[in-house]
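Contents: one structure, followed by commentary.
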Amino acid sequence: MRITRHTFAGAAGLAAAALVLSACSGPGAEDAAGDGGATIADAQSVGAMEDFEAGVTFAATEPVEFSLMYRDHPNYPVKDDWSIFRHLEDDQNVTFSRTDIPMADFDQKKSLLIGSGEATDIISSTYAGSETQFVSGGALLPISDYFDYMPNFQKKIADWGLEDDLQNRRQEDGKIYHLPGLREVPDVQYSVAIREDLWEKAGISEDPATWDEYLEQLEKVAAANPELDYAMSDRWTDATPLGSLLSIMAPNYPTAAGWGYANTWYDQEAGEYVFTGASDGYKEVVSDAAALVEAGVLDPEITQSDDQAVQKFIAGKSAAISGNTQTIAEYRQKFADSGQGDVPIRLLSLPGGPAGDKLPSGRFTSGILISSAAAEKPYFKALLQFVDWLYYSDEGLEFAQWGVEGETFTREADGTRKLMDDIAWSSINAGAPKLLNADYGYSNGVFLLANGSSQELVLSMMTDEIAAWTAAQLEKKEQLPTAPAPLLNEIELEQTSLLQTQLTDAVHAATASFITGQRSIENDWDAYVAELEGLGSGQLIDTFNTALERTLKQD
């Protein structure tokens, strides 16, 4: 098998490089125009299929090699002999010239390569917004000009009602540069994991309907189990205080907090942006989190490490901890390893709040970028067809997640997929000698976006327990509407970027102080809001709303 590999170890000469690439337009008019009128000439159609459309398997008409910026994950280090590479070569006629970059260095070195004009054809594992700094320099392909060459992508956008989300990906020039991962339904993974036996000892048989009820349940659990230090001691708090807990609480208020915090929040009723950290909704969610500490049921050590929090949970010092659909298996294994046997734990159904039962808006995830230089390559059209098939077709998504039928999985008569007994993935076949990602290259974030995208595919990789929990959350929860995105110009982007970090840091620091009682929400909130004003919160919001008004007029 032919894979040319480059390991990116240093970038001393790249840091000072300027953005030198210029935007590319289609070289001819021999094919149907894309969204922005771009066309692909015969000279850039080597290996492309003439009959490619949604649902058609992509196979290049002759061998093609694409350059790929590969994010190398420490949990599944890339291997040249992976099954996924072999099948892409044998079945799709595609090989890669890879630039392998360790995950810890990926964002920094990716930016250096793009900025120096050394970007590969495909730039993997990229979050929306990171492309903005490179748009004016012309290093990236305006992919929206070529949407007509991506029928599977277009079909998913239309079938899943993602048009508004897609519009929000446009840059000031009206074009889209980031190809996102798509989700048919919202992503629901995080909640609170509880010791079900300690809940039952407190006489609790139903999950809390609201976060206020959650506080009441924690008080009952603490009273019924006096050996506990705290009813809840949380993890995922060292980088962002109560990052997970606040992020799942916030949409129900409605606001954004914790991991999901952003300085700007769109007020649907007012039709304008407000500063999130000073809003009524944010004050309310922080107040409810502070009430947990004040009641003595939440450990005030809200900057502790994950290991410290998990150790308390396993040692029986707490009865609840943040968790997700993967960590349930982790917790159970740790209980078993500690000699406690099969301790009953599960995820709580997500409580609601003053705004009802809500989930955050948006069904896009990290995705890919394509270098503008790719538009001049002989295989450009084939590249677009391949990307469209792998990341957005039902067949490509199944392949990237499950692998190959008969090799990594079997299919039951009812269509249900089953991993081979000697292959494990997450909680499926735990303990099996081989791993689907580390040993075969499938279920790999470089080639699989949004954990499979479709609801069926996402649920297919879950145990029955987790699939049922996920389906229940999707059934009862309503997603918040997508907010309109203001298109900030270059000057506005520069101005706001100087404000964003200092404001976010100030909000997180004050949030921790309010929750732990070091500052009083009742007495100190107004002073905190004034501090934010001094750091530029008003200027930030004015800039966003001015840009929003301009954007809406353009539409």
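Out of the residues in the stretch 266-287 meeting the condition of being under 22 Å from residue 487 (Cβ atoms) and touching a residue at least 24 places away in the same chain (Cβ under 8 Å), tell me which one is surrounded by the fewest Cβ atoms within 10 Å (Cβ to Cβ).
So in the stretch 266-287, the residues under 22 Å from residue 487 (Cβ atoms) come out as 266-268, 270-276.
Narrowing the set further to residues that are touching a residue at least 24 places away in the same chain (Cβ under 8 Å) leaves 266, 268, 272-276.
Working: 266: 21, 268: 11, 272: 13, 273: 22, 274: 21, 275: 21, 276: 24.
That would be 268.
Could you list, in sequence order, the residues of the stretch 417-446 that are exposed (fewer than 12 other Cβ atoms within 10 Å of the Cβ) and either modelled with pLDDT under 95 or among the aromatic types (Phe, Trp, Tyr) (or both)?
Step one: list which residues in the stretch 417-446 are exposed (fewer than 12 other Cβ atoms within 10 Å of the Cβ), which gives 421-422, 431, 433.
If the condition is that a residue be exposed (fewer than 12 other Cβ atoms within 10 Å of the Cβ) and either modelled with pLDDT under 95 or among the aromatic types (Phe, Trp, Tyr) (or both), then 431 is the only one that fits.
Checking residue 76 against (1) assigned to a loop (DSSP other than H, G, I, E, B); (2) without any contact (Cβ under 8 Å) to a residue 12 or more places away in the chain, which test does it fail?
With respect to (1) assigned to a loop (DSSP other than H, G, I, E, B); (2) without any contact (Cβ under 8 Å) to a residue 12 or more places away in the chain, residue 76 is out only on (2).
Here is a list: 133, 108. Which entry is at pLDDT below 95 and at negative phi?
Values: 108 fails: at pLDDT below 95.
133 is the lone residue from the list that is at pLDDT below 95 and at negative phi.
Need pairs with beta-carbon distance below 7 Å; first residue touching a residue at least 12 places away in the same chain (Cβ under 8 Å) and buried (at least 19 other Cβ atoms within 10 Å of the Cβ) and within the stretch 195-214, second among the aromatic types (Phe, Trp, Tyr) and outside any loop (DSSP other than H, G, I, E, B); sequence gap 6+ or separate chains.
Matching pairs, first to second residue: 208/214.
State all residues of the stretch 486-496 that are in a loop (DSSP other than H, G, I, E, B) and either out of contact with any Ser or Thr (no Cβ under 8 Å at 6 or more places or on another chain) or among the hydrophobic types (A, V, I, L, M, F, W, C) (or both); if no residue qualifies, say none.
487, 488, 489
Scanning the stretch 534-548 for residues that are of a type in the set (Gly, Ala, Ser) and free of Cβ contacts under 8 Å to residues at least 60 places away in the same chain, which turns out farthest from residue 501 (Cα to Cα)? Before you say what the answer is, go through the steps one by one.
As a first pass, look at the stretch 534-548 and keep what is of a type in the set (Gly, Ala, Ser): 534, 536-538, 547.
Checking the rest, the ones that are also free of Cβ contacts under 8 Å to residues at least 60 places away in the same chain come to 534, 536.
Working: 534: 14, 536: 11 Å.
Going through the qualifying residues, I end up with 534.
Checking the conditions here, which among 164, 81, 121 is surrounded by fewer than 17 Cβ atoms within 10 Å (Cβ to Cβ) and either modelled with pLDDT of 95 or more or under 29 Å from residue 406 (Cα atoms) (or both)? Let's see the steps before the verdict.
On the way: 164 fails: either modelled with pLDDT of 95 or more or under 29 Å from residue 406 (Cα atoms) (or both); 121 fails: surrounded by fewer than 17 Cβ atoms within 10 Å (Cβ to Cβ).
Answer to the check: 81.
Need the failing condition index for residue 513 against (1) surrounded by 14 or more Cβ atoms within 10 Å (Cβ to Cβ); (2) in contact (Cβ under 8 Å) with a residue 24 or more places away in the chain, just the number.
Failing condition for residue 513: (2).
Kindly indicate whether any position in the stretch 347-366 is among the aliphatic types (A, V, I, L, M), more than 30 Å from residue 132 (Cβ to Cβ) and assigned to a strand (DSSP E or B).
At the first step, the residues of the stretch 347-366 found to be among the aliphatic types (A, V, I, L, M) are 347-348, 350, 355, 359.
Next, only the ones that are more than 30 Å from residue 132 (Cβ to Cβ) stay: 347-348, 350, 355.
Narrowing further to those that are assigned to a strand (DSSP E or B): 347.
Yes, there is a match, as at least one residue in the stretch 347-366 is among the aliphatic types (A, V, I, L, M), more than 30 Å from residue 132 (Cβ to Cβ) and assigned to a strand (DSSP E or B).
Is it the case that some residue within the stretch 529-540 is under 29 Å from the mean Cα position of the chain (by Cα), β-branched (Val, Ile, Thr) and surrounded by 15 or more Cβ atoms within 10 Å (Cβ to Cβ)?
No, that holds for no residue.
I'd like the full set of residues that are in contact with a helix residue (DSSP H, G or I) (Cβ under 8 Å, 6 or more places away or on another chain) and either part of a helix (DSSP H, G or I) or over 18 Å from residue 434 (Cβ atoms) (or both), limited to the stretch 395-415. Break it down into steps so the answer makes sense when it comes.
Our first condition is that a residue be in contact with a helix residue (DSSP H, G or I) (Cβ under 8 Å, 6 or more places away or on another chain); within the stretch 395-415, this holds for 395-404, 407-409.
If the condition is that a residue be in contact with a helix residue (DSSP H, G or I) (Cβ under 8 Å, 6 or more places away or on another chain) and either part of a helix (DSSP H, G or I) or over 18 Å from residue 434 (Cβ atoms) (or both), then 395, 396, 397, 398, 399, 400, 401, 402 are the ones that fit.
Looking at the stretch 473-485, I want the residues that are part of a loop (DSSP other than H, G, I, E, B) and have a partner that is among the basic types (Lys, Arg) with Cβ atoms under 9 Å, at least 6 apart or on another chain. Which pairs are those?
477/358; 480/358; 482/363; 485/169; 485/170
Which of (1) surrounded by 15 or more Cβ atoms within 10 Å (Cβ to Cβ); (2) modelled with pLDDT under 95; (3) not in a loop (DSSP other than H, G, I, E, B) is the odd one out, the single condition residue 503 does not satisfy?
So the condition that residue 503 fails would be (2).
Among the residues of the stretch 38-57, is any of a type in the set (Phe, Trp, Tyr), modelled with pLDDT of 95 or more and either surrounded by fewer than 20 Cβ atoms within 10 Å (Cβ to Cβ) or over 27 Å from the mean Cα position of the chain (by Cα) (or both)? Steps first, answer last, please.
Step one: of the stretch 38-57, the residues of a type in the set (Phe, Trp, Tyr) are 52.
Still in the running and modelled with pLDDT of 95 or more: 52.
Then keep just the ones that are either surrounded by fewer than 20 Cβ atoms within 10 Å (Cβ to Cβ) or over 27 Å from the mean Cα position of the chain (by Cα) (or both); that gives 52.
The answer is yes; a qualifying residue exists.
Please return the ranges of strands (runs of 3 or more DSSP E) entirely within the stretch 254-330 where 2 or more residues are polar (S, T, N, Q). Outline the logic, then answer.
Details: elements: 264-267, 272-275, 320-324.
Correct list: 320-324.
Report, by residue number, each residue of the stretch 416-449 that is outside any loop (DSSP other than H, G, I, E, B) and without any contact (Cβ under 8 Å) to a residue 60 or more places away in the chain. First the steps, then the outcome.
So the first thing to find is which residues in the stretch 416-449 are outside any loop (DSSP other than H, G, I, E, B), and the list is 417-419, 423-425, 428, 434-435.
Correct list: 417, 418, 419, 423, 424, 425, 428, 434.
Please go through the stretch 229-253 and give me each residue that is among the polar types (S, T, N, Q) and part of a loop (DSSP other than H, G, I, E, B), ordered by number. Let's see the steps before the verdict.
The initial filter retains those residues of the stretch 229-253 that are among the polar types (S, T, N, Q), namely 233, 237, 240, 244, 247, 252.
Within the stretch 229-253, 233, 237, 240 qualify.
Looking only at the stretch 485-510, count how many residues are farther than 14 Å from residue 541 by Cα and within 24 Å of the chain's Cα centre (by Cα). Full working, then the answer.
Quick first cut of the stretch 485-510, residues farther than 14 Å from residue 541 by Cα only: 489-491, 494, 501-502, 505-510.
Filter once more, so that each one left must be within 24 Å of the chain's Cα centre (by Cα): 501-502, 505, 507-508.
Of the residues in the stretch 485-510, 5 are farther than 14 Å from residue 541 by Cα and within 24 Å of the chain's Cα centre (by Cα).
Taking only the stretch 120-166 into account, find how many residues are part of a helix (DSSP H, G or I), among the small types (Gly, Ala, Ser) and touching a helix residue (DSSP H, G or I) at 6+ places or on another chain (Cβ under 6 Å).
First, the residues of the stretch 120-166 that are part of a helix (DSSP H, G or I): 132-135, 143-149, 151-159, 163-166.
If we keep only those that are among the small types (Gly, Ala, Ser) too, we end up with 144, 158.
Subsequent filtering for residues that are touching a helix residue (DSSP H, G or I) at 6+ places or on another chain (Cβ under 6 Å) retains none.
Matching residues across the stretch 120-166 total 0.
Quick check: is even one residue across the stretch 321-336 of a type in the set (Phe, Trp, Tyr) and either touching an Asp or Glu at 6+ places or on another chain (Cβ under 8 Å) or under 21 Å from residue 500 (Cα atoms) (or both)? Lay out the reasoning, then the answer.
We begin by selecting, within the stretch 321-336, every residue of a type in the set (Phe, Trp, Tyr); these are 331, 335.
Next, only the ones that are either touching an Asp or Glu at 6+ places or on another chain (Cβ under 8 Å) or under 21 Å from residue 500 (Cα atoms) (or both) stay: 335.
Checked the stretch 321-336: at least one residue is of a type in the set (Phe, Trp, Tyr) and either touching an Asp or Glu at 6+ places or on another chain (Cβ under 8 Å) or under 21 Å from residue 500 (Cα atoms) (or both).
The values are calculated or read from the model by the stated rules, or taken from the named source; none is laboratory data. Not measured: the values here are computed from a predicted model. All Cβ positions, glycine included, derive from the backbone under ideal geometry; neighbour counts span all protein chains shown.
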